[in-house]
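Trainee: Questions regarding the structure given below will be posed in turn.
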């Protein structure tokens, strides 16, 4: 029996957009809520005075006691559902507290982000915030979900207005792929099946969109950050492997094939891949994001932290990098701060030598900055104690991402995107040579009946 | 009248979307788990694998062996032993330890009951009593990275936990103050005295685990497959009579064809009626199940809406 593919989703929405209800509806209508879970929330809904149909589906996603008590979502929760075509991992990101931190966390691993819009209010400041973050993180697809269409007198007009506003934002924020889907999460219209509140709409349901969007992409030149050198000697599982020497890691982008010439990023030394092992199973090739072990033709100096890269398109190690940081900590950023920068499997000491600009996310305009606080998006210069093979984030989501880490307690202070620019700050993010993006001229909305 | 997306899949030669051809779901889940395991083995000094002989910990061990192949698994395993064991699971544990050449540490709840550091609960279940022996073992052996087979689909508190989850010097989890988990980055850093819990199977579902067991030909204790067993019914669960779970008046012992979906404290782990005697039949059964794994089989998780959250905050798995 073959297994389906995997699509990683994240949600973003304001507190009253009905995001938890939508997630509950997706789980319920794809038959991913089992009898005992439904019984538990039906019971809890009644105790809380719920009088609607079914149960309060939002309760399916509230995992912590404080969330149930306060009726809010505090932290990212992960949910799983599947159809015959696909399995989905859904990161449900709360919208109000620490919105940027949570959205960044969910969006960094997502193939698709669902941004909720209340049909009564259309695109609001929160929508712009979420789309700005999603654009900055270069999430491959965005689905804007226009919820609560059952509550407006003329849903088709409300939908059309949202489509136009989103198209404007899409251009401003340089987002690749957006679709706009009208639904009623409360009643279930157009989530999995069409319904009477969306009978004016002829496009696909939300689930149909999610089932047909392209899943993870593995393009770009081959990159393989080395995690471990495997050299078991007499600790091998069998005597025939005592001389084994392999480099364990994962293909972070592209495809590695037996016979490929690769270059060690730190030294520039070249060698050839002679074997790819997934455990005891030999492979001819490995595509991102597979975890494998590579064997090389020569006994070159390779250790944890090195990147093995396609020899015809290697990354260039740099000692200084301009980056956009999403500041995720309550501890403020002060220029000159000494931090750690983690990239792939290498962590180096660094200084935040300059904080240039900050995005006023409400106005989508940049302004001069002298530091950063929680949820701020700022452009900085990082000076690195040792070179890192950083690539433009616009070209490679993994080659261009970095963490800023507190050297004292190891806390993750910021998510960083190398050579990225803040929206509206002049140069386009793809201008640093090459881009994995696509011509975005096609319409983004479903047509009316 | 179909929707047109701005994204044109025909321009992406490397797509492995609905048309297939690239890594499938199990490849992706396996690769994510192995990436996490290798980071922890590389970065931390004293990792340990929690190993009970249950299916999730068996899969975790299989993944660790694959991550380090052809090196042996040098990470020790720790069993927090409730004393309420299924004999066949204990035998399976010891056979597995011997086959992989592992170092086994056992932290026994019974020792704590014997000398009074813990007291038996009125309901008799010992799953919640595992926390203190676990934390003591972590302190005693100075473990800094503790691998567990926990999955986010098991429970709503687990659904909130990070793959790499920081614990303070008291082993406590602070769900409101968790580190953001970004891209494929694995941050295992912590201060002295703190440790991290690591859940490489976070994104797996029960069905994924079974499909992987099928694909990889992983051996499990026999009680995961349908067999004839004496059981009695209590609170809708089929319990196996034993020294710690005697039927009360009116609870009739019958022979039924059953299997176990989870393995824990024998006194409160229920069997389910099943005819699935092979791994393929179990996959089919799990795919069609209408009740969650824990709802079907764990009396202790029915205590309250927040039973797992409370235990996790105190340092439970």
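Trainee: To check you understand DSSP bridge types, tell me what percent of the beta bridges within the protein assembly as shown (both residues inside) are antiparallel, rounded to 5.
Mentor: On the way: 94 of 132 bridges.
Antiparallel: roughly 70 percent of the beta bridges in the protein assembly as shown.
Trainee: Roughly what % antiparallel, to the nearest 5, for the DSSP beta bridges in the stretch A:5-212? Intermediate results must be reported in sequence, preceding the final value.
Mentor: Details: 7 of 31 bridges.
In the stretch A:5-212, approximately 25 percent of DSSP beta bridges are antiparallel ones.
Trainee: At 7 Å along the Cα-to-beta-carbon direction for both residue A:408 and residue A:120, put a label point, then send me their distance in nm to one decimal.
Mentor: So the two model labels end up 4.6 nm from each other.
Trainee: When a footprinting reagent is the concern and you count Cβ atoms within 10 Å, what order do B:161, A:322 take, fewest first? All intermediate terms of the calculation are to be shown ahead of the outcome.
Mentor: Values: B:161 24, A:322 17.
Least to most surrounded, the residues fall as A:322, B:161.
Trainee: Expressed as a rounded percentage, what relative contact order does the stretch A:5-212 have, with Cα pairs under 8 Å and six or more residues apart?
Mentor: 23 percent
Trainee: Along Cα→Cβ, 7 Å out, is where each label goes; now give me the distance between the ones at residue B:219 and residue B:176 in nm to one decimal.
Mentor: 4.9 nm
Trainee: If I fit a long axis through the Cα atoms of helix A:125-136 and take the longest principal axis of the Cα atoms of chain A, what angle between them do I get, 0 to 90°, rounded to 10?
Mentor: 20 degrees
Trainee: Same structure again: Which value in Å is the Kirkwood Rh of the stretch B:220-303 over different Cα pairs?
Mentor: Numbers: mean 1/r = 0.0766 Å⁻¹.
For the stretch B:220-303, the Kirkwood estimate is 13.1 Å.
Trainee: Sticking with this one: Calculate the FRET efficiency for residue A:330 and residue B:121 from the Cβ-Cβ distance with a Förster distance of 35 Å, rounded to the nearest 0.05.
Mentor: For R0 = 35 Å, the calculated efficiency reads 0.35.
Trainee: Considering Cα pairs under 8 angstrom that are at least six residues apart, work out the relative contact order of the stretch A:178-249 and quote it in whole percent. Don't skip to the answer; put the middle values down first.
Mentor: Details: 72 pairs, mean separation 14.2, N = 72.
Taking the mean separation of contacting Cα pairs over the length of the stretch A:178-249, I get 20 percent.
Trainee: Then there's this: Over chain B, what is the percentage of antiparallel beta bridges among all DSSP beta bridges, to the nearest 5?
Mentor: 60 percent
Trainee: In addition: How high is the relative contact order of the stretch B:172-317, given as a whole-number percent (alpha carbon pairs under 8 Å, six or more residues apart)?
Mentor: 24 percent
Trainee: Compute the acute angle (0 to 90°) between the alpha-carbon long axis of helix A:155-173 and the principal axis of greatest extent of the alpha-carbon atoms of chain A; round to the nearest 10°.
Mentor: For A:155-173 against chain A, the angle is about 20 degrees.
Trainee: As I understand it, the value is the acute angle between the Cα axis of helix A:35-47 and the longest principal axis of the Cα atoms of chain A; what does it come to in degrees, rounded to 10?
Mentor: Roughly 50 degrees, rounded to the nearest 10.
Trainee: What is the gain in length, in nm to one decimal, between residue A:234 and residue A:161 on full extension, counting 0.36 nm per residue of separation less the C-alpha to C-alpha distance?
Mentor: Details: separation 73, 0.36 × 73 = 26.28 nm, distance 6.90 nm.
Here the segment from residue A:234 to residue A:161 would lengthen by 19.4 nm.
Every number here is computed from the coordinates shown, using simple stated rules; none is lab data. Predicted model, so just to flag it, every value in this text is computed and none were measured. Heads up, the Cβs are rebuilt from the backbone with ideal geometry, glycines too, and the neighbour counts pull from every protein chain shown.
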